[in-house]
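Here is the structure we will look at.
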Amino acid sequence: MPDREWPQEAELVVCTVENVKDFVAFVSLDEYNGRQGLIPISEIATGWIKYIRDHIREGQKIVCKVLNVDRTRGHIDLSLKDVNDHQRREKIREWKNESKARKWIGFVAEKSGEPATAIEDVILDKYGELYAVFEDVVLDSDATIRKLGLSKKASEALIHIAHESVKIPRVEVTGQLVLTSAESDGVMVIRNALKKASDAKTAGADIELLYLGAPIYRIKVTAADYKKAEKALEKAANAAIAVVEKSGGEGKLVKKPKSGKSQ
């Protein structure tokens with residue numbers, strides 16, 4: 001579990017600008033209970049700075065890189081210029097997600113009657129962060145709950161809050177299953193093959209089968225990303241093809257181009 005009292009050198013931290021002087025800016029670290037840090041003018045921006053307030057102002061939310069931490073003196077030296085736009089966007093996104101997750105844990109605690117700090121500590125011990133567990137609960141509740149080992153009440157509350165709060169982007173991939181069987185019980189063979197495809201579940205992926213007209217069946221898989229969706233599509237198709245081939249028939253999967261996000 002990460003040290004939640006002090007930041008580490010080279011870590012990116014979200015800060016609120018408290019006071020700007022001629023040659024230094026003082027900030028509070030949002031993720032570390034408002035601990036104070038300072039940014040010397042040389043670390044505000046590249047090049048010569050005529051007016052420091054052209055680059056930083058009170059009340060501004062910024063992302064800084066930690067240069068040095070002196071715990072004995074309580075000093076934290078920071079750099080603003082060493083953080084690029086991509087790093088800033090990603091850190092702000094991560095910080096917002098963690099802030100939301102901490103609020104959701106409060107709801108879980110209220111609903112289950114257990115201390116929020118205890119639930120948070122369990123999640124941080126297993127994940128190192130808070131938001132990811134809510135995504136995992138939505139994608140695969142059973143596996144995530146087993147991994148955490150929370151009480152039944154806390155687990156039920158976590159599942160409820162996660163499904164209520166998190167909307168995970170979904171993508172879909174489709175293909176056509178071509179299944180043929182010359183056996184006298186060919187209809188039953190095909191039916192069993194389609195059942196095997198439906199039963200070949202992959203965590204976090206939904207499978208839908210549609211009859212288009214013998215011998216073609218549409219197979220659609222919806223998942224959080226294309227890699228997972230493709231893997232689930234092939235797994236389901238192979239399960240169906242194995243059944244018909246075992247009975248002397250033939251089967252193949254014809255993939256369709258990727259579609260965009262479905263939600």
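Can you find a residue in region 234-252 that is among the hydrophobic types (A, V, I, L, M, F, W, C) and modelled with pLDDT under 90?
Our first condition is that a residue be among the hydrophobic types (A, V, I, L, M, F, W, C); within region 234-252, this holds for 236-237, 239-244.
Still in the running and modelled with pLDDT under 90: none.
No: region 234-252 contains no residue that is among the hydrophobic types (A, V, I, L, M, F, W, C) and modelled with pLDDT under 90.
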Q.
Quick check on my filter: what residues within region 186-208 are in contact (Cβ under 8 Å) with a residue 12 or more places away in the chain and either of a type in the set (S, T, Y) or farther than 14 Å from N238 by Cβ (or both)?
A. G186, V189, I190, N192, S198, T202, A203, G204, A205, D206, E208
Q: Please state which one of T144, T117 is under 23 Å from G204 (Cα atoms), polar (S, T, N, Q) and in a helix (DSSP H, G or I).
A: T144
**Q.** Unmet requirement for P2, which otherwise passes all of (1) farther than 30 Å from K152 by Cβ; (2) modelled with pLDDT under 95
**A.** (1)
Q: Run down K227, K258 and say which single residue is part of a helix (DSSP H, G or I), closer than 27 Å to D140 by Cα and modelled with pLDDT under 90.
A: K227
(Q) Checking Q176 against (1) touching a residue at least 40 places away in the same chain (Cβ under 8 Å); (2) within 26 Å of D140 (Cα to Cα); (3) out of contact with any helix residue (DSSP H, G or I) (no Cβ under 9 Å at 6 or more places or on another chain); (4) not in a helix (DSSP H, G or I), only one condition comes out false. Which one? (A) (2)
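Table: residues versus (1) touching a residue at least 40 places away in the same chain (Cβ under 8 Å); (2) outside the structural domain of Y127 (by TED's automatic domain parsing); (3) of a type in the set (K, R); (4) farther than 29 Å from S165 by Cα.
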{"position": "K21", "(1), (2), (3), (4)": "no, yes, yes, yes"}
{"position": "I39", "(1), (2), (3), (4)": "yes, yes, no, yes"}
{"position": "E43", "(1), (2), (3), (4)": "no, yes, no, yes"}
{"position": "N97", "(1), (2), (3), (4)": "no, no, no, no"}
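Within region 204-223, is even one residue within 30 Å of F107 (Cα to Cα) and in a loop (DSSP other than H, G, I, E, B)?
Initial filter on region 204-223 (within 30 Å of F107 (Cα to Cα)): 204-206, 222-223.
Filter once more, keeping what is in a loop (DSSP other than H, G, I, E, B): 204-205.
Within region 204-223, one or more residues are within 30 Å of F107 (Cα to Cα) and in a loop (DSSP other than H, G, I, E, B).
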Q | Selection count where residues are of a type in the set (V, I, T) and touching an Asp or Glu at 6+ places or on another chain (Cβ under 6 Å), scope region 28-53 | A | 0
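The values are calculated or read from the model by the stated rules, or taken from the named source; none is laboratory data. Worth saying up front: this structure is predicted, and the values here are computed from it rather than measured. We place every Cβ from the backbone using ideal geometry, glycine too, and count neighbours over all the protein chains shown.
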